[in-house]
Structure formats: C-alpha cells, structure tokens
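S.K.: One structure coming up, written as structure tokens, with questions to follow.
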Amino acid sequence: MTLRSPIRTCIGCRKKREKSSLIRFAFTLDGGIQLDRRQRLPGRGAYVCPDVACLEKAWGKKAFARALKIAPSRQKHLDQDSLERLKVEMASLLPGDKDRCKEGELDEQT
C-alpha cells in the first residue's frame, strides 16, 4: 500500500496538482488574504501554482472570493494593493529557476 499525496486544484489555471507543489492562501480575521507558508493557518484555504501568472489570473476572475467564500461585504479588502503585496510575498518563496516552478517543484523554505 502506497501513500498518496493530497491533490488540490489551482484556482488560477484549474490544474490539479499535489498539495505540496502549490502555494496556499488563507482568509484572515481582518478580512484580508495571507500567504500561508507552512499550510497550517486555520480556516479555508485557496491554492495557486507557484507562478505569478496564476495568481494574477485567479485575482482577475475573483477566484479568491469564491474559493475562500468571502462575503461581498468583506470583499472591499481585496484591492490592487493586496494583490501587489501577495505578489511580493509569493516572489520571495519562488526559487530563481522559473522552469522548475512551472513543473510544480517548489523548494521548501522554513
């Protein structure tokens, strides 16, 4: 019997991948979205490929609001500044070799 890694779907490109190869974002109590480096924050999570293009695509089609089930009254915190902050945080996680990122290999950094 072999253990399988959990499978999650990227909310940007809709590709299914192993959970460990995706980046998790969580909804915070103050109404924002936070990058969950250790994939342990409580509450709902949304997964994105380790590619800024997937992050932008998910943001553009409001996939974060749907995946995290954010009420319309709390979506005012999801502005362009939030996207830019998440891009910077995501870029700090990604290794320099973008070809490896597109294949789903994300270096574990703690």
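All of the numbers you see were taken from the coordinates with simple rules; none came from a lab. Please read these numbers as outputs of a predicted model, since none were measured by experiment. Here Cβ is always computed from backbone atoms with ideal geometry, including for glycine, and neighbour counts include all displayed protein chains.
S.K.: Which residues does a label at K62 reach in region 79-94, if reach means a backbone N under 20 Å from a point 7 Å past the Cα toward the Cβ?
M.R.: Only 79-84 fall inside the zone, counting backbone N under 20 Å.
S.K.: A further question follows. How big is region 7-96 on each of its three principal axes, counting only the C-alpha atoms and giving the largest first in Å?
M.R.: Largest to smallest, the principal-axis extents are 35, 24, 23 Å.
S.K.: Contact order normalised by length for region 7-96, with contacts defined as Cα pairs under 8 Å and 6 or more residues apart; what percent is it?
M.R.: Details: 124 pairs, mean separation 26.4, N = 90.
Normalised by residue count, the contact order of region 7-96 is 29 percent.
S.K.: Oh, and also: So, with +1 on the Cβ of K and R and -1 on the Cβ of D and E, and no other charges, what is the size of the charge dipole of region 7-96 about its Cα centre, to the nearest 20 debye? Could you put the intermediate results ahead of the total?
M.R.: Numbers: 20 positive and 9 negative charges, 110 e Å.
Rounded to the nearest 20 debye, it is 520 debye.
S.K.: On full extension of the chain, what length is gained from D79 through S20, given 0.36 nm per residue of separation minus the C-alpha to C-alpha distance? Working shown, then result.
M.R.: Details: separation 59, 0.36 × 59 = 21.24 nm, distance 2.77 nm.
This chain segment gains 18.5 nm when fully extended.
S.K.: Can you sort D51, D30, D79 from fewest to most other Cβ atoms within 10 Å of each residue's own Cβ?
M.R.: On the way: D51 19, D30 8, D79 11.
Placing the least packed residue first, the sequence is D30, D79, D51.
S.K.: Also, I was wondering about something else. Loop-only check: which trypsin sites (Lys or Arg not before Pro) in region 1-46 are DSSP coil with at most 16 other Cβ within 10 angstrom?
M.R.: On the way: sites: R4, R8, R14, K15, K16, R17, K19, R24, R37, R38, R40, R44; in loops: R4, R14, K15, R37, R38, R40, R44.
Those that pass, being in a loop and sparsely packed, are R4, R14, K15, R37, R38, R40, R44.
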